[in-house]
Amino acid sequence: MVVIMKPGFTREELDHAILEMEKGGVKVMISKGSETTILGAEGNAAGIDTEKMESLPGVERVMRVSEPYKKANRKYHPDDTVVELAPGVTVGGKKLLVAAGPCSVESEAQITGIAEVVKETGAQVLRGGAFKPRTSPYAFQGMGYDGLELLEKARAATGLPVVTEIMNTDDVDYFAEHVDVIQVGARNMQNFDLLKRLGKTNKPILLKRGLSSTIEEWLMSAEYILAGGNPNVILCERGIRTFETFTRNTLDLSAVLAVKRQSHLPVMVDPSHASGQAWMVERMSLAAIAAGCDGLIIEVHNDPIHALCDGQQSITPEQFQALMEKAATVAGCVGREV
Ligand code: PEP
Ligand code: MN
């Protein structure tokens with residue numbers, strides 16, 4: 001961090017600025033020019049409140065010279081992080097991780113049936129929401145704890161680990177005990193109390209990018225979990241809000257490259273919520289693999305027309321199979337495997 005003092009600052013104002021920086025945990029280097037005096041922070045400036053610093057009398061401007069996320073930063077952790085989701089199931093290595101399943105758990109026959117077919121096709125993780133963040137309070141809200149129980153039954157029947165979304169901080173202990181991967185949905189990416197609680201577990205956390213969040217905000221949310229002591233964070237690009245309405249969201253594939261460069265954390269892509277259209281899912285998945293993602297999370301439903309949630313973007317098991325065959329080819333072109 002660099003702090004530029006206003007022309008004509010007083011001795012008192014300078015001391016105050018230095019003290020404030022030191023309170024943030026850094027050593028302060030003073031550079032006195034003929035016109036400008038600059039204070040440089042030596043060490044980790046993450047503890048300094050930039051806005052407070054800027055409001056101090058005598059301070060002209062404050063500039064961060066390094067990213068505010070530290071534990072998520074590749075600079076301090078050059079090697080890719082590989083997260084283990086279940087014994088033998090990892091994300092972040094050469095092999096891509098594919099999670100598939102319905103948007104929501106609807107019944108035992110539905111979730112177990114879909115689990116069996118996606119496993120057969122090569123998915124390594126079963127997805128399915130039990131607590132659903134719906135825009136309308138009148139829409140299907142998910143089966144709740146009963147849905148989690150059905151996910152456990154599907155896991156017992158197939159051996160597939162399960163990923164499912166958490167919405168309530170009070171549910172963290174329950175989820176930690178009953179599910180394999182805890183998903184933080186786009187709408188909760190900045191639910192900081194939830195992130196802090198998840199940081200106290202050691203469960204893998206699938207952290208989806210917020211609807212309108214910048215890459216830095218997303219990585220700062222990851223930082224919350226990492227700073228709490230949980231290193232098992234998986235990022236998931238799921239499309240962002242733009243002016244375009246043809247698609248549900250806009251899949252930001254450049255974010256995959258940006259995040260892989262800035263961070264060591266594995267990055268998955270959700271082509272289903274990104275596009276909102278089943279017919280786009282295959283091509284968006286292939287593009288995501290070509291862009292260098294570490295895995296995909298895809299909505300697959302045995303009967304999309306009658307799905308209780310997100311049927312229009314859910315592909316059938318047959319379409320999933322066709323996708324997986326092509327995925328293997330594209331993965332091979334970029335030095336990965338499915
Ligand atoms: C989901 O995965 O079903 C979901 C609601 O995702 P998102 O938070 O990305 O909208
Ligand atoms: Mn969905």
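Considering the conditions (1) surrounded by fewer than 17 Cβ atoms within 10 Å (Cβ to Cβ); (2) charged (D, E, K, R); (3) in contact (Cβ under 8 Å) with a residue 60 or more places away in the chain, Lys71 is excluded by exactly one of them, (1). Ser272 meets each of the listed conditions (1) away from ligand 1 (no atom under 16 Å from the Cβ); (2) outside any loop (DSSP other than H, G, I, E, B); (3) of a type in the set (Ser, Thr, Tyr) apart from (1).
Can you work out which of the residues in segment 7-65 that are of a type in the set (Asp, Glu) and loosely packed, with under 11 Cβ neighbours inside 10 Å is farthest from Ala227 (Cα to Cα)?
Within segment 7-65, the subset of a type in the set (Asp, Glu) is 12-13, 15, 20, 22, 35, 42, 49, 51, 54, 60.
Now narrow it down to the ones that are loosely packed, with under 11 Cβ neighbours inside 10 Å: 12, 35, 51.
On the way: Glu12: 35, Glu35: 40, Glu51: 22 Å.
In this case the residue turns out to be Glu35.
Residue-wise test of (1) in contact (Cβ under 8 Å) with a residue 60 or more places away in the chain; (2) within 16 Å of ligand 1 (Cβ to nearest atom); (3) touching a Pro at 6+ places or on another chain (Cβ under 6 Å).
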residue	(1), (2), (3)
Pro204	yes, yes, no
Trp218	no, yes, no
Ala222	yes, yes, no
Asn230	no, no, no
Glu237	no, yes, no
Thr250	no, yes, no
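For segment 244-270, a residue qualifies if it is over 14 Å from the mean Cα position of the chain (by Cα) and within 14 Å of ligand 2 (Cβ to nearest atom), and the qualifying residues are Arg248, Asn249. Looking at Pro304, Pro317, which is the one that is away from ligand 2 (no atom under 16 Å from the Cβ), under 23 Å from Ser107 (Cβ atoms) and open to solvent by 10 Å² or more (accessible area, probe 1.4 Å)? The conditions single out Pro317.
State which residue is most open to solvent (accessible area, probe 1.4 Å) when the search covers only segment 104-114 and only residues that are touching a residue at least 24 places away in the same chain (Cβ under 8 Å) and more than 16 Å from ligand 1 (Cβ to nearest atom). Give the derivation first.
Going through segment 104-114, the residues touching a residue at least 24 places away in the same chain (Cβ under 8 Å) turn out to be 104-108, 110-114.
Now narrow it down to the ones that are more than 16 Å from ligand 1 (Cβ to nearest atom): 107-108, 112-113.
Numbers: Ser107: 45, Glu108: 89, Thr112: 22, Gly113: 29 Å².
It comes out as Glu108.
Among the listed residues Arg241, Arg197, identify the single one that is at pLDDT 95 or above, within 16 Å of ligand 1 (Cβ to nearest atom) and of a type outside the set (Asp, Glu). Within the list Arg241, Arg197, the selection yields Arg241.
Residues in segment 173-193 that are of a type in the set (A, V, I, L, M) and farther than 18 Å from Ser104 by Cβ: how many? First the steps, then the outcome.
Filtering segment 173-193 down to residues of a type in the set (A, V, I, L, M) leaves 176, 179, 181-182, 184, 186, 189.
Next, only the ones that are farther than 18 Å from Ser104 by Cβ stay: 176, 189.
The qualifying residues number 2.
Taking segment 9-20 as the range and being under 15 Å from Ser31 (Cα atoms) and either without any contact (Cβ under 8 Å) to a residue 12 or more places away in the chain or assigned to a loop (DSSP other than H, G, I, E, B) (or both) as the test, the residues that pass are Phe9, Arg11, Asp15.
Quickly run through segment 131-154 and pick out the residues that are assigned to a loop (DSSP other than H, G, I, E, B) and not polar (S, T, N, Q).
If we filter segment 131-154 for residues that are assigned to a loop (DSSP other than H, G, I, E, B), which is where we start, we get 131-144.
If the condition is that a residue be assigned to a loop (DSSP other than H, G, I, E, B) and not polar (S, T, N, Q), then Phe131, Lys132, Pro133, Arg134, Pro137, Tyr138, Ala139, Phe140, Gly142, Met143, Gly144 are the ones that fit.
Please indicate, with yes or no, whether at least one residue in segment 101-109 is charged (D, E, K, R) and more than 20 Å from Pro231 (Cα to Cα). Checking segment 101-109: at least one residue is charged (D, E, K, R) and more than 20 Å from Pro231 (Cα to Cα).
The values are calculated or read from the model by the stated rules, or taken from the named source; none is laboratory data. Being a predicted model, the structure only gives us computed values, none of them experimental. Please note: Cβ atoms are built from the backbone with ideal geometry, for glycine as well, and neighbour counts cover all protein chains shown. Areas reflect the complete protein model, heavy atoms only, side chains present, ligands, DNA and RNA absent. Shrake-Rupley method; radii C 1.70, N 1.55, O 1.52, S 1.80 Å.
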